[in-house]
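Only the coordinates and a few stated rules stand behind these numbers; no lab work does. Keep in mind it's a predicted model, so treat the numbers as computed, not measured. Virtual Cβ from ideal backbone geometry, glycine too; neighbours counted across all protein chains shown.
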Amino acid sequence: MSVWPEGDYCILKGPKPCSAEFEERTVVRLSVQQVFTTEERRRDGKLAVQLGEFGASKLTVDSYDNLYSLELATCCRKPHSE
């Protein structure tokens, strides 16, 4: 019996492979020009941009192209999984 509800949906991929009911999908990537540097802080004192990884997703900086890139890796439920 599945612990995942029926339906068509995706979840963020963790560091391990997708479970048998899911398949890994192409990473979704969003790249934006840098407005803040990684050293700049917001009014509340927290970093304006914090680079890092979570699961198989990550936020990186490309200094050459002056871009931040957010890559989201997903596991999507296979149609008619049981």
For Val49, the lone unmet condition from (1) touching an Asp or Glu at 6+ places or on another chain (Cβ under 9 Å); (2) closer than 23 Å to Pro79 by Cβ; (3) surrounded by 14 or more Cβ atoms within 10 Å (Cβ to Cβ) is (2)
Limited to the range 52-67, what total is found for residues that are over 13 Å from the mean Cα position of the chain (by Cα), closer than 17 Å to Val27 by Cα and either among the hydroxyl-bearing types (Ser, Thr, Tyr) or exposed (fewer than 14 other Cβ atoms within 10 Å of the Cβ) (or both)?
0
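Please list, ordered by residue number, the strands (runs of 3 or more DSSP E) wholly in the chain having 1 or more residues that are at negative phi and without any contact (Cβ under 8 Å) to a residue 24 or more places away in the chain.
Of the strands (runs of 3 or more DSSP E) lying wholly inside the chain, those with at least 1 residues that are at negative phi and without any contact (Cβ under 8 Å) to a residue 24 or more places away in the chain span 22-33, 52-54, 57-62.
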How many residues, within the range 1-36, are surrounded by 10 or more Cβ atoms within 10 Å (Cβ to Cβ), over 19 Å from Glu71 (Cα atoms) and not aromatic (Phe, Trp, Tyr)?
4
